[in-house]
Amino acid sequence: NAGVTQTPKFQVLKTGQSMTLQCAQDMNHEYMSWYRQDPGMGLRLIHYSVGAGITDQGEVPNGYNVSRSTTEDFPLRLLSAAPSQTSVYFCASRMTGGREQYFGPGTRLTVT
Amino acid sequence: EDQVTQSPEALRLQEGESSSLNCSYTVSGLRGLFWYRQDPGKGPEFLFTLYSAGEEKEKERLKATLTKKESFLHITAPKPEDSATYLCAVMSYQKVTFGTGTKLQVIP
């Protein structure tokens, strides 16, 4: 199993550009989520999904969109990038009814 | 509001020098307390889940314990490869709250 994979690993955007961060998992996990990690702050939940076709907002959803058309994939879209979105983004997944989350390797995003 | 506070922020140990990392928490309805290890440039790696006060779990040189207000991650005779940031998180119903982590450096 590859586990949770994320692409790209690094990305630089200019203010106002849009992009999609990709996340995929091959563990057949129903629950998937996106976090951002900033210095001095704990991981913060952006959006999550409890299954295909179902998504919901987390703690810091503004400026981000998600969709879940398959169990395996959970892309995160930045609509119009802002410098405040400079961060490291992690995707995670867990089984329905499970509690432990398994994280991807992260995407380091810089918005200039 | 659920809160997680980890201390110290950073810890430097000599190889073989045992110590403990602290995770203090307040949560409404604890459904699990998690410890993760995070290496630089990588995603958090799951270590342990603790569910109730008094529970203990071990893995190699690591032992996690839980009380009603805090959890400890004990590191016995650490090696340089144990150097990493250790994250604590609590789960209440569907919400997970992370601490900011303790950065551990083990010097040969």
Discussion item. Condition first: in a loop (DSSP other than H, G, I, E, B) and under 22 Å from A:Val111 (Cα atoms). Now tell me which residues in region A:59-73 satisfy that.
Written reply: A:Glu59, A:Val60, A:Pro61, A:Asn62, A:Gly63
Fill in: Cβ-Cβ under 6 Å pairs, at least 6 apart or on other chains, region B:1-17 side more than 14 Å from every other protein chain (Cβ to nearest Cβ), far side among the hydrophobic types (A, V, I, L, M, F, W, C) and in a strand (DSSP E or B)
B:Leu11/B:Leu104; B:Leu13/B:Val106; B:Gln14/B:Ile107; B:Glu15/B:Val106
Worksheet entry | Residue among A:Arg44, A:Arg36 that is more than 9 Å from chain B (Cβ to nearest Cβ), open to solvent by 20 Å² or more (accessible area, probe 1.4 Å), of a type in the set (D, E, K, R) and within 26 Å of B:Tyr86 (Cβ to Cβ) | A:Arg36
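Has region A:78-87 got any residue that is within 14 Å of chain B (Cβ to nearest Cβ) and either aliphatic (A, V, I, L, M) or crowded, with 16+ Cβ neighbours inside 10 Å (or both)?
Going residue by residue through region A:78-87, those that are within 14 Å of chain B (Cβ to nearest Cβ) are A:87.
If we keep only those that are either aliphatic (A, V, I, L, M) or crowded, with 16+ Cβ neighbours inside 10 Å (or both) as well, we get A:87.
Yes; the residues of region A:78-87 include at least one that is within 14 Å of chain B (Cβ to nearest Cβ) and either aliphatic (A, V, I, L, M) or crowded, with 16+ Cβ neighbours inside 10 Å (or both).
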Worksheet item: Looking at (1) surrounded by fewer than 18 Cβ atoms within 10 Å (Cβ to Cβ); (2) within 14 Å of chain A (Cβ to nearest Cβ), can you tell me which one B:Asn22 breaks?
Response: (2)
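Determine whether A:Ser84 is assigned to a helix (DSSP H, G or I) and under 18 Å from A:Ser18 (Cβ atoms). Even if it seems obvious, please write down each step before you answer.
Working: assigned to a helix (DSSP H, G or I): yes; under 18 Å from A:Ser18 (Cβ atoms): yes.
So A:Ser84 passes the test.
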Practice prompt. Looking at (1) open to solvent by less than 20 Å² (accessible area, probe 1.4 Å); (2) over 14 Å from the mean Cα position of the chain (by Cα), find the lone condition where B:Gln14 falls short.
Written response: (1)
Worksheet, complete the sentence: Subset of region B:76-103, residues at the interface with chain A (Cβ under 9 Å from one of its Cβ atoms), crowded, with 21+ Cβ neighbours inside 10 Å and in a loop (DSSP other than H, G, I, E, B), comes to B:Gly99, B:Gly101
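Select from region B:37-64 the residues that are more than 17 Å from A:Glu100 (Cα to Cα) and either in contact with a Phe, Trp or Tyr (Cβ under 8 Å, 6 or more places away or on another chain) or part of a strand (DSSP E or B) (or both) and list them in ascending order.
Restricting attention to region B:37-64, the residues satisfying the condition of being more than 17 Å from A:Glu100 (Cα to Cα) are B:39-42, B:53-54, B:60-63.
Once the filter is applied, which keeps residues that are more than 17 Å from A:Glu100 (Cα to Cα) and either in contact with a Phe, Trp or Tyr (Cβ under 8 Å, 6 or more places away or on another chain) or part of a strand (DSSP E or B) (or both), region B:37-64 yields B:Leu62, B:Lys63.
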Worksheet item: Looking at region B:32-74, which of the residues that are surrounded by fewer than 22 Cβ atoms within 10 Å (Cβ to Cβ), under 26 Å from B:Ile107 (Cα atoms) and aliphatic (A, V, I, L, M) is nearest to the other protein chains (Cβ to nearest Cβ)?
Response: B:Leu47
Discussion item. Among the numbered criteria (1) touching a residue at least 60 places away in the same chain (Cβ under 8 Å); (2) within 14 Å of B:Gly43 (Cβ to Cβ); (3) surrounded by fewer than 20 Cβ atoms within 10 Å (Cβ to Cβ), which one does A:Gln17 miss?
Written reply: (2)
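The values are calculated or read from the model by the stated rules, or taken from the named source; none is laboratory data. Keep in mind that what you see is a predicted model, and the values were worked out from it rather than measured. All Cβ positions, glycine included, derive from the backbone under ideal geometry; neighbour counts span all protein chains shown. We work out accessible area using only protein heavy atoms, side chains counted, and drop any ligands, DNA or RNA first. Shrake-Rupley method; radii C 1.70, N 1.55, O 1.52, S 1.80 Å.
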